[in-house]
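These notes are about the structure you will find just below.
What follows is calculated from the coordinates using simple rules that are stated; it is not laboratory data. The shown structure was predicted, so the numbers you read here are calculated from the model rather than taken from an experiment. Cβ sites come from the backbone with ideal geometry, for glycine too, and all protein chains shown count toward neighbours.
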Amino acid sequence: MKIELKKIECPKERSNKYSKRKKGILKKAEELALLCDVDIVMVLISPANKPTIFHTPSRNLSQILKDFSNISIQERNERRAYTIKTLKNLVDKNNTEDPIVIDHLSRDRGEVIQDDKKITELRGYKELLDEKKLILEGWENPTKVNDLCRLNIMDNYLASSERHIGNIIKVKIQEEQQTLI
């Protein structure tokens, strides 16, 4: 039985799941490096944007990177082409259109892809947009919301809106009082 994989909407749950899965993937990477005598370098970035760098424990990171930089341009291009082809197939297969991934895949090799800050910013905006869509979907049919995290988000949004409206009313009352004086 396959488990459906999808983004965890609740930030706390997502962070907890990341911590557990990170330990697992680092353990697997270490096992793979030891059993198959391969060099591995991984960069993981948490939901809180904290990076973790892993490399084969028995080798120095600078030596691994130096060896990698000595790979011929032709071999790098072949590997890049294979990776791009694989990623495009995955995107097509899953019917997920992450504009950031597609943008990266569609650019020529010689172009500067994008600034990491811009990519992070775009991903942040995309997550915010997805969150706002979820909130709106919840308000369109509240009886179908069965996720406690979504209900909390909706409740917080409602409380925030209430405070905002209360502040607007206070300002209007103060303005009216000023005009009466």
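Counting every other Cβ atom within 10 Å of each residue's Cβ, Val38, Val91 order from fewest to most as Val38, Val91. Suppose we look only past 14 Å in the calculated P(r) of segment 10-70. What percent of the Cα-Cα pairs does that tail hold? Every Cα pair in segment 10-70 considered, those over 14 Å come to 61 percent. Let me know the whole percent of all Cα-Cα pairs from segment 127-176 that are separated by more than 18 Å. Pairs farther apart than 18 Å: 42 percent. Ordering Ser19, Phe54, Leu65 by Cα displacement along the dipole of segment 10-70 toward the positive end leaves Ser19 in first place; charges were set at the Cβ atoms of Lys, Arg (+1) and Asp, Glu (-1). Positive contributions from Lys and Arg (+1) and negative ones from Asp and Glu (-1), summed over other residues with Cβ under 13 Å from the Cβ of Ile8, come out at +1. Between Glu30 and Ile165, the modelled label-to-label distance comes to 5.4 nm, taking each label 7 Å out from Cα in the direction of the beta carbon.
Please report, in debye to the nearest 20, how large the charge dipole of segment 1-91 is about its Cα centre when each Lys and Arg carries +1 at its beta carbon and each Asp and Glu carries -1 there. Working shown, then result.
Values: 20 positive and 10 negative charges, 111 e Å.
Its charge dipole is roughly 540 debye.
Please work out the FRET efficiency for the pair Ala48 and Glu175, using the Cβ-Cβ distance as r and a Förster radius of 41 Å; give the result to the nearest 0.05. Let's see the in-between values first.
Working: r = 42 Å, r/R0 = 1.03.
Step by step, r from the Cβ atoms, then E = 0.45.
Model label points for Lys22 and Asn156, set 7 angstrom from Cα along the Cα-to-Cβ axis, are 2.0 nm apart. Subtracting the Cα-Cα distance of Leu136 and Val38 from 0.36 nm times their residue separation leaves 30.5 nm of extension gain.
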